[in-house]
1. What GluC sites (Glu not before Pro) in the range 1-65 are in a loop by DSSP, with at most 15 other Cβ atoms within 10 Å of the Cβ?
2. Where the only charges are on Cβ atoms (+1 Lys, Arg; -1 Asp, Glu), what is the dipole of the chain about its Cα centre, to the nearest 20 debye?
3. How far, in nm, would the chain grow between Asp36 and Glu6 when pulled straight, counting 0.36 nm per residue and subtracting the alpha carbon separation?
4. Can you compute the helix-only [θ] at 222 nm over the chain? Use -39500 (n - 2.57) per DSSP H run of at least 4 residues, normalise by all residues, nearest 500 deg cm²/dmol.
5. Mind listing the Cα extents of the range 2-69 along all three principal axes, in Å, largest one first?
6. Among Ile51, Ile38, Ile20, whose mean-square fluctuation peaks in a Gaussian network model of the chain (Cα, cutoff 10 Å)?
Amino acid sequence: MQRGWEVILGHLLAGRREGIFHFTRPPEEVARLLQDNIIGAMLFAIAHPDIVKPKDFKEKWEEAVALHAGWKR
């Protein structure tokens, strides 16, 4: 679990350097929030494979990244 958010943090910081992400909170907090979102989404998908559609999953994930990391599509 510890290493997961650190990997996400590395990607977020690289995205900030490249002008892709614009955080409104500390990047460490954003990384932890996104990791929590990833784990929650995976658990939901496992528990409800009959209602989780890949297209919907992708759209919801993009919304989460936009919300937490300030990413604009």
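Readers should treat all values here as calculations from the given coordinates under stated rules, not as data from a laboratory. Given the structure is predicted, the values throughout are model-derived calculations rather than measurements. Here the Cβ positions follow ideal geometry from the backbone for every residue, glycine too, while neighbour counts run over all protein chains shown.
1. Glu18
2. For this selection, approximately 200 debye.
3. My answer for the length gained is 9.5 nm.
4. -24500 deg cm²/dmol
5. 39, 24, 16
6. For the chain, modelled as a Gaussian network with Cα springs under 10 Å, the answer is Ile51.
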